[in-house]
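Asker: Take a look at the following structure, please.
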Amino acid sequence: MAHIKDVEVLNCEYGKNTIKFLRLHREGKKHFVKEVEVCTHLRLTSCHEYLDGNNSAVIPTDTIKNIVLVLAKKNGIATLEQFAIDICQHFMTTFCQVAYVKTYVQEVPWQRLHENGIPHIHSFICVPNGIRFCEAEQCRNGPLIVFAGIKDLKLMKTTQSGFEGFYKNEHTTLPERNDRILCGELFCKWSYGECKDFDFDCIWNKIRECILEAFAGPPDCGEYSPSYQKTVNSIQMHILSKVQVIEVVLNNTFYNVVDMKNLGLTNDKEVSKCSKHNLPGLSLKILSLKA
């Protein structure tokens, strides 16, 4: 067994995960909601609690949870990014033993309910149009870095997609296709760099619009996609006009046209079987693509 003096501690972090709560804000009779899940991790200036069992500098995870809830109460949640910034700044300015802090915040997609075009003052509906999230991190005496993103965004187009001309050998069984359903679940994360005065809501909405435009193409005719890879690239090129660093992961879902000849029917790509749970998905990830 190695002695402590022979071991170098590379990283020693701890924190509180899955702090889930709802923040209600009232403006007269009109209510606004933010339901979030927060994970906050710390790295202390020493590792005494890990090496020696000395807990004198340790901020309990229950305290971390309570601080997050208190900040939500006192500051509200104007945007996820600003709330993550508030959390990082609080730990850095309050606890001298904290060397590094990282916090992750994701939001439940509640939208205000409309009845006959009229927005309801206190009723909401959960709409799965993708989950918004952000991360903020800071080292002591270093800049506060902010990331943001969208995940679990499910997209589909029923034509204008194919996959042809790929490399083939004796192990290839996949047929070429020039007209197929393209469907996937998208994860997209970008960096704002050092914290500045950004309109986080505006940028997030603009990037979501870029994703949809790049995936679908013009509404009257669409745009042909020769591969998932090219679709990911198109999405990234659209987004890079707004931010500097972008990561995109597109996990695909296969739809195979059902052969109905034995049933005496001609199936003109009208009925397809989802093979999501039977075939491995395609994951495409590009890191640090900079404008």
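The values are calculated or read from the model by the stated rules, or taken from the named source; none is laboratory data. Remember, predicted model here, so these are calculated numbers, not experimental data. Every residue, glycine as well, gets a Cβ built from its backbone with ideal geometry; the counts of neighbours run over all protein chains shown. For the accessible areas, the whole protein counts, side chains as well, though only heavy atoms, and no ligand, DNA or RNA atoms are used. Shrake-Rupley method; radii C 1.70, N 1.55, O 1.52, S 1.80 Å.
Asker: What FRET efficiency, computed as 1/(1 + (r/R0)^6) with R0 = 30 Å and r the Cβ-Cβ distance, is obtained for T45 and K73, rounded to the nearest 0.05? The partial results should precede the final answer.
Answerer: Values: r = 29 Å, r/R0 = 0.96.
Working from the Cβ atoms, E equals 0.55.
Asker: Moving on. For helix 61-75, report the angle its Cα long axis makes with the longest principal axis of the Cα atoms of the chain; keep it between 0 and 90° and round to the nearest 10°.
Answerer: Between the helix axis and the principal axis of the chain, the angle is about 80 degrees.
Asker: Quote the relative contact order of the chain in percent (integer), defining contacts as alpha-carbon pairs under 8 Å separated by 6+ residues. Could the numbers behind the result be given before it?
Answerer: Numbers: 516 pairs, mean separation 35.3, N = 291.
Answer for the chain is 12 percent.
Asker: Any chance you could get the radius of gyration and Dmax over the Cα atoms of the range 153-290, in Å?
Answerer: 17.7, 64
Asker: Ok, one more. Quote to one decimal, in nm, the extra length available between V9 and T266 on full extension: 0.36 nm per residue of separation minus the C-alpha distance between them.
Answerer: Values: separation 257, 0.36 × 257 = 92.52 nm, distance 6.56 nm.
Between V9 and T266, full extension yields 86.0 nm more.
Asker: Where the convex hull is taken over the Cα atoms of the chain, what is its projected area averaged over directions, in nm²?
Answerer: Numbers: hull surface 97.3 nm².
For the Cα atoms of the chain, the hull's average projected area reads 24.3 nm².
Asker: May I pose another question? Once fully extended, how much extra length lies between E223 and L174, figured as 0.36 nm per residue of separation less the alpha-carbon to alpha-carbon distance?
Answerer: Details: separation 49, 0.36 × 49 = 17.64 nm, distance 2.35 nm.
Computed gain between E223 and L174 is 15.3 nm.
Asker: Another question, if that's okay. Find, among the chymotrypsin sites (Phe, Trp or Tyr not before Pro) in the range 227-258, those assigned to loop by DSSP (not H, G, I, E, B) with at most 15 other beta-carbon atoms within 10 angstrom.
Answerer: When the chymotrypsin sites (Phe, Trp or Tyr not before Pro) of the range 227-258 are filtered for loop state and at most 15 Cβ neighbours within 10 Å, nothing remains.
Asker: At R0 = 41 Å, how high is the FRET efficiency between C96 and S241 if r is their beta carbon distance? Nearest 0.05 is fine.
Answerer: Values: r = 42 Å, r/R0 = 1.01.
After rounding to 0.05, the efficiency reads 0.50.
Asker: I've got another one for you. Mind running the shape call on the range 1-142? Use the C-alpha gyration tensor, a ≥ b ≥ c as the square roots of the eigenvalues: rounded below 1.5 for a/c, prolate if a/b tops b/c, oblate otherwise. Spell out each step's value before the answer.
Answerer: Working: a/c = 3.30, a/b = 2.64, b/c = 1.25.
Taking the square roots of the gyration eigenvalues as a ≥ b ≥ c, the range 1-142 is prolate.
Asker: Helix 228-239 sits at what angle to the longest principal axis of the chain, using alpha carbons and giving 0 to 90 degrees rounded to 10?
Answerer: 50
Asker: For the pairs K20/K65; K34/K102; K151/K206; K29/K206, flag any whose C-alpha to C-alpha distance is greater than 19 Å. The partial results should precede the final answer.
Answerer: Values: K20/K65 10 Å; K34/K102 21 Å; K151/K206 15 Å; K29/K206 30 Å.
As for pairs spanning more than 19 Å Cα to Cα, those are K34/K102; K29/K206.
Asker: Now for a different question. If one takes the longest principal axis of the Cα atoms in the chain, at what angle in degrees, from 0 to 90 and to the nearest 10, does the Cα axis of helix 80-94 lie?
Answerer: Helix 80-94 and the main axis of the chain meet at about 20 degrees.
Asker: Just the number, please: carbon plus sulfur as a percent of the accessible area of the chain, 1.4 Å probe, no ligands or DNA/RNA counted.
Answerer: Details: 9090 of 17400 Å².
That share works out to 52 percent.
Asker: Can I ask one more? So what is the 222 nm mean residue ellipticity for the chain from helices alone, if each DSSP H run of at least 4 adds -39500 (n - 2.57) and you divide by all residues, rounding to the nearest 500 deg cm²/dmol?
Answerer: Result for the chain: -7000 deg cm²/dmol, rounded to the nearest 500.
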